[in-house]
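A.B. asks: Structure incoming, see below.
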Amino acid sequence: MDCPSIPVMDGIEFRMQFFDKFRKKRIPFTCQIEVTARCNVRCSHCYISDINSKGELTFPEIQRIIDEVVDAGCLWFVLTGGEPLLRPDFLDIYTYAKKKGLFVVVFTNGTLVNERILDCFIDLPPYAVEISLYGATEETYERVVGVRGSYRRCMDGIELLLKHHMPLSLKTVSVADNQHEIQAIRRFAEKLGVAFRYDPLINPRIDGGMGPCNTRMSPQEIVAQDMTDSKRFETLRKMYEWSLKWQRSDLLFDCGAGNKAFNVDAYGQLQLCGLARKFSYDLRNGSFHDAWHNFLPKVLSMKREKSSRCDGCKLFVLCGMCPSWSELENGGDEGPVDFICQVAHLRANALDAHPKEATEESRVLTLQS
């Protein structure tokens, strides 16, 4: 008897369909919580603007938030900052989240990883630890983070995690000061056998400060970098092809934030995401249930009131444009951001100019000509 054929779905399509189902059902699948806004390095591209611990959530307050998000169906719990390991009670927070059955992911710069942290991770393994590695060399890394001695501490943290077989991945931002080492960082990650990703799209600080924008690569440099990475280039192609089939709505926020994921800052303010600080709900004086079922739906129901060149544009997946980014960069939440608009159009031109079967060598040759 012939067996029916099973359709094969690639990773991009699977994630898009998975995302769409959770978006429609509004299950609070992923919580990202900034347990502190403080950090022990001074990256010029950083979008977090606070540097002190005054008013940060206490451990009992974080426990209550964890209890409430778990009751609501949360599974993934991202501990970030600032630098989360700066909190003296980090392991208390981590352990409590793990024992509540959450898949815990830790975002860290790795410089504070020590044997005490590892002892806890060995007993209660994280789902993942993501370390930001800002350079392949000490000189470049410390130029980006602004603190001498931090490169060696970061590398020691990576070594310690790998020694104990922790689920590690590396990531970075691609900025003017480290763009020449992105491929070297990728090769380093491959040598270690860990995943690697990078992001070249730098936004202003959440207080509106434009300092991070001074670290950006040019749109042309960003797309040139895309074209020298075959895997990244083809991922962009699949996202582009998917977006051409997607019908955008007239909602102000139609990215999925607030439908399956949300952000909680260091002071207990719940938002759609880490950039969307304009619309916040105070969890200290309210409940997650009220925030998820009453506050966020009101924000998500807001519609665009002004027309712009973004209307009808099919390139939104290639640019990452969002109202919150527009608010930070332009002072209004409905206009396009010229920087990422240029990146999107250059990416689309590059994808259109190079068919799927084009090799990395042919793209580089075209780029150089």
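A.B. asks: Show me the strands (runs of 3 or more DSSP E) found entirely inside segment 187-304 where at least 2 residues are outside the structural domain of Ala348 (by TED's automatic domain parsing), of a type in the set (A, V, I, L, M) and under 19 Å from the mean Cα position of the chain (by Cα).
C.D. replies: Correct list: 261-264.
A.B. asks: Among (1) crowded, with 18+ Cβ neighbours inside 10 Å; (2) closer than 30 Å to Gly331 by Cβ, where does Met210 come up short?
C.D. replies: Going through (1) crowded, with 18+ Cβ neighbours inside 10 Å; (2) closer than 30 Å to Gly331 by Cβ one by one, Met210 breaks only (1).
A.B. asks: Looking at Ala344, Ala276, Ala348, which one is within 24 Å of Glu34 (Cβ to Cβ), modelled with pLDDT of 90 or more and out of contact with any Gly (no Cβ under 7 Å at 6 or more places or on another chain)?
C.D. replies: It is Ala276.
The values are calculated or read from the model by the stated rules, or taken from the named source; none is laboratory data. Everything numeric in this text was worked out from a predicted model, so none of it was measured. Every residue, glycine as well, gets a Cβ built from its backbone with ideal geometry; the counts of neighbours run over all protein chains shown.
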